[in-house]
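**Student:** I'd like to ask you about the structure that follows.
Every number in this text was worked out from the coordinates using simple rules, so none of it is lab data. A quick note: this is a predicted structure, and the numbers were derived from the prediction, not measured. All Cβ positions, even for glycine, are placed from backbone atoms using ideal geometry, and neighbour counts span all protein chains on display.
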Amino acid sequence: MLAAANLKLAVPGRVLFEGLDLALPPGESWALLGPNGAGKTSLLHALGGLRLPDGGAVTLDGAPLAALGRRAVAQRVGVLLQDETESFWGSTLEYAMLGGLAHATGLLGPGAGAEAAARAALAELDLGERAAQPYRTLSGGERQRARLAQLVVQSPQWWLLDEPLAHLDLGHQLAVMELFARLARDGRTVIMALHEPLWAARYCGHALLLYDSGRIRHGPAQEVLTQGHLEALYGCRLAPAAASTAPLFVPIR
């Protein structure tokens, strides 16, 4: 269980939120929604051990996350960052293989199975033909899928994803959401920051709303992703539209 207890997060000058209790057991898919600056990225970083809470605690199977080694955390928790500040010199295949470092047993990098796992992951993300291409020459959407392929190779139990659909065209958005759904069916846990409630309603069983006022709402998606809650979250009116499998709301003037 990855969990937060009485979690408080702040940035200089203001508190993002406080008093958050959240449990992420295996096999669940969570949507993390909120306006810009509400704390979605900060929450994912705290759950992944990339920043310390300003109050409360994050635990992994009851142990404080901050007390665990980075390798031990990386073997079980994977984080897709919103921004990638460093450039990578190697090929797309070599970039995906970096996901194997979390499970490497020697000093020479990913193990022998990492290349096969990386090729399979790239193929799953529709990048098989880009394996030999320098990573730095990929388009924005291709880089995003290569970053997800690296996480597939890392194979964590908990997937913490900051805007995983960024830069992706509609077809690849669908394919990536199908990948996340399969991960949840296989017993992995996925929590993802999204900006499109339709994907959340269609693919996530749970939702967590972060309001810019510091308020929090979370629970089953069908109870949380309502017109009233989403209008209050985004500060605009929404109009329901017919959809075959999930409610669809579009902004209106």
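**Student:** I need the full set of residues from the stretch 1-23 which are outside any loop (DSSP other than H, G, I, E, B) and either among the small types (Gly, Ala, Ser) or buried (at least 20 other Cβ atoms within 10 Å of the Cβ) (or both), in order please.
**Tutor:** Listed by number, the residues that qualify are Leu2, Ala3, Ala4, Ala5, Leu7, Leu9, Ala10, Leu16, Phe17, Gly19, Leu20, Ala23.
**Student:** Would you confirm, using the coordinates I've provided, whether Arg188 is out of contact with any Gly (no Cβ under 9 Å at 6 or more places or on another chain) and either more than 13 Å from Leu32 (Cβ to Cβ) or touching a residue at least 12 places away in the same chain (Cβ under 8 Å) (or both)?
**Tutor:** Judged against the criteria, Arg188 is not a match.
**Student:** May I pose another question? What are the pairs, 6+ residues apart or on separate chains, where a residue within the stretch 204-227 that is within 23 Å of Val11 (Cα to Cα) and in contact (Cβ under 8 Å) with a residue 40 or more places away in the chain has its Cβ under 9 Å from a residue that is part of a helix (DSSP H, G or I) and of a type in the set (Val, Ile, Thr)?
**Tutor:** Leu208/Val224; Leu209/Val224; His218/Val224
**Student:** Could you look through the stretch 124-172, keep only residues that are in contact with a strand residue (DSSP E or B) (Cβ under 7 Å, 6 or more places away or on another chain) and among the acidic types (Asp, Glu), and pick out the one that is farthest from Gly100 (Cα to Cα)?
**Tutor:** Taking the candidates together, the pick is Glu163.
**Student:** Which ones in the stretch 183-205 are assigned to a strand (DSSP E or B) and either in contact with a helix residue (DSSP H, G or I) (Cβ under 6 Å, 6 or more places away or on another chain) or within 14 Å of Gln173 (Cα to Cα) (or both)?
**Tutor:** Val190, Met192, Ala193 - these are the residues of the stretch 183-205 that are assigned to a strand (DSSP E or B) and either in contact with a helix residue (DSSP H, G or I) (Cβ under 6 Å, 6 or more places away or on another chain) or within 14 Å of Gln173 (Cα to Cα) (or both).
**Student:** Please specify each residue of the stretch 128-141 satisfying the condition of being assigned to a helix (DSSP H, G or I) and touching a helix residue (DSSP H, G or I) at 6+ places or on another chain (Cβ under 6 Å).
**Tutor:** Matches in the stretch 128-141: Gly128, Arg130, Tyr135.
**Student:** Another one. Looking at (1) under 30 Å from Thr226 (Cα atoms); (2) touching a Gly at 6+ places or on another chain (Cβ under 8 Å), which one does Ala23 not meet, given that it meets all the others?
**Tutor:** The single condition Ala23 does not satisfy is (2).
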